[in-house]
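> Before we start, here is the structure in question, set down as structure tokens.
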Amino acid sequence: METLTGTTTDQAPANPAATDEMLATQPVGYWAGLTHTTVTRHLRDAMAKVDVTQPQYWVLNRVNGGPTAPSREETIAQLAHLADGPHEIARVIDQLLHREWLRISDGQRLHLTDAGEAARTRLRDLATEVRAVVHQGVSDDEYVAALKVLRKMVANVEGDGTPGNPS
């Protein structure tokens, strides 16, 4: 495959046992997908032990995270792209209302209850612990460099068609 910089790197099949010398030939989609699946499973397993789901954590953070309380519809619209289906966030909101971690104001805005804020704080601590496990042996500089590379790859694919920005 000819790269835009003029160097040639062959694409090899995905190989979980690839040596460091072989990594440049590995498909980024395989490794990004494996990372997503593994890290998400680890986080969700940790949350399941305290009877919470990752989407519930997303909703708690979103309701807490803005200058004004969001409506149900706004929360669904803002989180739907993360969900496993079009109805998941609406169901999560219902679950959190049932648990009394959320309440709806007269203005139809979602708010955390004291119990909801306590749960959000506990989950943030848990997510921080999981992050420490995932990031073990990875410096902040290495992490930033990896994300910059992934962000650049996304821009290369979703760009405007100019050299370095294909459409």
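The values are calculated or read from the model by the stated rules, or taken from the named source; none is laboratory data. Being a predicted model, the structure only gives us computed values, none of them experimental. Don't worry about glycine lacking a Cβ; one is built from the backbone with ideal geometry, like all the others, and counts go over all protein chains shown. What goes into the accessible areas is simple: the full protein's heavy atoms, side chains included, and nothing from ligands, DNA or RNA. Shrake-Rupley method; radii C 1.70, N 1.55, O 1.52, S 1.80 Å.
> Using the charge dipole of the chain (Lys, Arg: +1 at Cβ; Asp, Glu: -1 at Cβ; taken about the Cα centre), state which of ALA48, THR19, TYR30 has its Cα farthest towards the positive end.
Value: ALA48.
> If R₀ is 45 angstrom, what is the calculated FRET efficiency for the pair MET153 and ASP106, using the beta carbon separation as r and rounding to 0.05?
Numbers: r = 47 Å, r/R0 = 1.05.
Result of the calculation: an efficiency of 0.45.
> How tilted is helix 88-98 with respect to the longest principal axis of the chain? Cα atoms for both, answer in degrees (0 to 90, nearest 10).
Taking Cα atoms only, the helix is inclined about 30 degrees.
> Which Rg and Dmax, in Å, describe the Cα atoms of region 55-149?
So, for region 55-149, Rg and Dmax equal 15.6, 49 Å respectively.
> Once you keep just the Cα pairs under 8 angstrom separated by 6 or more residues, what percentage relative contact order results for the chain?
Worked out over the chain, it gives 16 percent.
> Taking a probe of 1.4 Å, how large is the accessible area per residue of the chain, in Å²? Each step should come with its number before you reach the end.
Numbers: 11280 Å² over 167 residues.
With all protein chains present, the chain gives 68 Å² per residue.
> Under 5 Å between amide H atoms, partner at least 5 residues away or on a different chain: which partners does SER71 have, H built in plane at 1.01 Å?
LEU110
> Further, regarding this structure: Give me a comma-separated list of calculated 3J(HN,Hα) values for region 30-42, in order, Karplus coefficients 6.51, -1.76, 1.60 applied at θ = phi - 60°, integers in Hz, x for any Gly or Pro.
After applying 6.51 cos²θ - 1.76 cosθ + 1.60, I find 4, 5, 5, x, 5, 4, 4, 4, 5, 5, 4, 4, 4 Hz.
> What base-10 log of the normalised intensity I(q)/I(0) is obtained for the chain from the Debye formula, alpha carbons as equal point scatterers, at q = 0.13 Å⁻¹?
Evaluating at q = 0.13 Å⁻¹ gives log10 I(q)/I(0) of -0.83.
> Continuing with the same structure: If you fit an axis through the alpha-carbon atoms of helix 54-64 and take the longest principal axis of the Cα set of the chain, what angle between them do you get, 0 to 90°, nearest 10?
For helix 54-64, the angle is close to 60 degrees.
> Per residue of the chain, what 222 nm ellipticity follows from adding -39500 (n - 2.57) for every DSSP H run with n ≥ 4, rounded to the nearest 500?
Working: 6 runs with 91 residues, N = 167.
Computed ellipticity for the chain at 222 nm equals -18000 deg cm²/dmol.
> A further question on this structure: What net charge do the residues around GLU74 carry, taking every other residue with its C-beta under 12 Å from that of GLU74, with Lys and Arg at +1 and Asp and Glu at -1?
Net charge in that neighbourhood comes out at +2.
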